[in-house]
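To start, the structure under review is shown below, and the notes come after it.
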Amino acid sequence: MIESVLTSGVIIIGLSSWLGKVWANRILEKDKLKYTSEIEWIKSKYIQELEKYKVQTEKSVFVHKLQYEKEFGIYIEIWEAVFDLNIKTQQLRPILDYVSPNPEERKIENQKRHEAYGVSYNHFSILINKFSPFYPEEIYDALINLRNTFSKEGISFRICVIEDVVPTDYKKLEASLKKIKEQIEEISKKIRNRTEEMRVLKD
């Protein structure tokens, strides 16, 4: 009787020990899967960050501080000229405009507007060419295209208003001003991208 009880106790203890190991192994396996999953997720995020940094680095242009300051200064100077020329161009034939009933006064006013436009246009053109070796060709080409559009508008004003050869086509005028706005926005984006790409080298 006592031996039977002892034997049963040994079996129960052995079974309990076996079940304990089974559950322990299951828990360990579950934890292992959990931690493996978390490690893989962290690894994936880390790789993504590395790839993102790699792409940013590949796009970066490393320059010395002096070059960065010089190029940035050029963009400021050119952009001021763009802003001024855009205003002078819009003032040639503004949407809301006072027109003197006196032909001579109208002629004088139109000549003043065209002269102001011409001064601004020439200043802008000089800056583009003066600094052309010091900024990317992509931005230079965009500025040249903008200058050509400004030029066409100035020529149109002279032919239609000052010389009065043909009447103003207001649909073409509207399209021209819209194109100028789009070109300015395009250049702004190119300059912004360029300055963001530049990385200053530390001495």
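Each reported figure results from applying straightforward, stated rules to the coordinates on display, with no laboratory input. Since we're looking at a predicted model, the values are computed, not measured.
Counting only Cα atoms, region 113-203 measures 61, 24, 18 Å along its principal axes, largest extent leading.
Return the subset of K152/K172; K88/K181; K112/K179; K70/K130; K130/K172 for which the Cα-Cα distance in this structure is over 23 Å, preserving the input order. Over 23 Å Cα-Cα: K112/K179; K130/K172. Put simply, the amide H of R199, placed in the peptide plane, has neighbours under 5 Å in V61, F62, V63, leaving out anything fewer than 5 places away on its chain.
Over region 61-201, what is the relative contact order in percent, taking alpha-carbon pairs closer than 8 angstrom and at least six residues apart? The partial results should precede the final answer.
On the way: 97 pairs, mean separation 55.6, N = 141.
Reported relative contact order: 39 percent.
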